[in-house]
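Below is one structure, written out as structure tokens; the observations come after it.
The values are calculated or read from the model by the stated rules, or taken from the named source; none is laboratory data. Keep in mind that what you see is a predicted model, and the values were worked out from it rather than measured. No Cβ is skipped: glycine too gets one built from the backbone with ideal geometry, and neighbour counts run over all protein chains shown. Heads up: the accessible areas ignore ligands, DNA and RNA and are worked out on the full protein's heavy atoms, side chains in. Shrake-Rupley method; radii C 1.70, N 1.55, O 1.52, S 1.80 Å.
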Amino acid sequence: MLTDNSRPIGIFDSGLGGLTVFKEIRQLLRYENLIYFGDTARVPYGNKSKETILRYSKEITKFLLKQNVKLIVVACNTVSSLALDELKKEFDIPIFGVIEPGARCAYKKLIERSRSKNNIITNKKTICEDTAYLSGIETIAIIGTSATIGSKAYSDAINRLNNYKNGANINIKIIEKACPLLVPLVEEGLVDSDITRDVIKYYLQPVIESNPLSIVLGCTHYPMLKEIILDFADDNTEIIDSGKEVAIEIKNFLISNKMLNSKTAKTYEKYYVSDDPEKFKLLGSNFIGSNITEHIEVVIDFL
Ligand code: DGL
């Protein structure tokens, strides 16, 4: 019988990509039991309507609840952008998306970088707590699927932080760029290829020209392309991985709510998909950085 804290964390995505988030959670929370659901039969979500994405996500959330999860991580940026609020309203369980953690990190970095830049200019010896000296326009770039970019979820989240009472009210320019060809290229295993470099160059050229302080990887697949993106980006541009950030956030949540699993409990990982498990195993290993050896169950009853 599982104790409360040994109940698994449920992580879901439209398909394989969320394994980049799974990987971060697994690394940071080694003793947590994990369940991953990839909706491989219905991927991609990135070009679907809000209604459809919401319906799919509710089905998956219900499925994860049946698996007795203690919290749910929406690894998919598209779902986090379009359906998270509804899911939180409808289901009585902690649910985390990737947008807020990614946006928070981008905003924090922007304040830090902006402060140090201003300190150099004004030759201040100490970092001033008064943010009024922040001046000029600072740029953050967001890249993601068409649905994520169309939703403006990242820019809304960053603007909320900036305008909130503790926000610095910096003059922020947010550039959002949909990069729809990148998901299929990664899924085809073409990460390290000329065609992917060309496509990244095509999408990122206008982004890079605006000299952003950071580029937020607003899609589960993009951490796989981080090295290439870094090659194109200016040396001073930071790459922000929303998956990494949500892992930190749920760790903090589990600690502060005394929900961490005991270090002596056995850890298990389970994978569920809605289509061909063998393909998931094969391609998934690239995302996760190690072989998936577990049996993968196919779920079709809610499709
Ligand atoms: N998981 C999606 C995301 O992060 C990318 C793949 C898709 O379009 O479903 O937005």
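Remarks
- Beta carbons closer than 8 Å, at least 6 apart along the sequence or on distinct chains, pair a first residue in region 42-63 that is closer than 15 Å to E90 by Cβ and at pLDDT 95 or above with a second that is acidic (D, E) and open to solvent by less than 50 Å² (accessible area, probe 1.4 Å) for Y56/D39; I60/D39.
- Exactly one residue out of F287, F253, F302 is under 23 Å from L71 (Cα atoms), under 20 Å from the mean Cα position of the chain (by Cα) and surrounded by fewer than 19 Cβ atoms within 10 Å (Cβ to Cβ): that is F253.
- Filtering region 81-115 to residues that are touching a strand residue (DSSP E or B) at 6+ places or on another chain (Cβ under 7 Å) and without any contact (Cβ under 8 Å) to a residue 12 or more places away in the chain leaves only K88.
Here is a yes/no grid of residues against (1) among the β-branched types (V, I, T); (2) touching a Phe, Trp or Tyr at 6+ places or on another chain (Cβ under 7 Å); (3) within 14 Å of the ligand (Cβ to nearest atom); (4) without any contact (Cβ under 8 Å) to a residue 60 or more places away in the chain:
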residue	(1), (2), (3), (4)
E227	no, no, no, yes
D231	no, no, no, yes
E238	no, no, no, no
D241	no, no, yes, no
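- For the criterion of being within 16 Å of the ligand (Cβ to nearest atom), out of contact with any Pro (no Cβ under 9 Å at 6 or more places or on another chain) and among the β-branched types (V, I, T), I9 fails.
- Across region 179-212, the qualifying residues are those that are among the charged types (D, E, K, R) and within 23 Å of A147 (Cβ to Cβ), and the one among them that is most open to solvent (accessible area, probe 1.4 Å) is E188.
- Considering each residue of region 44-63 in turn, at least one proves to be assigned to a loop (DSSP other than H, G, I, E, B) and under 16 Å from F302 (Cβ atoms).
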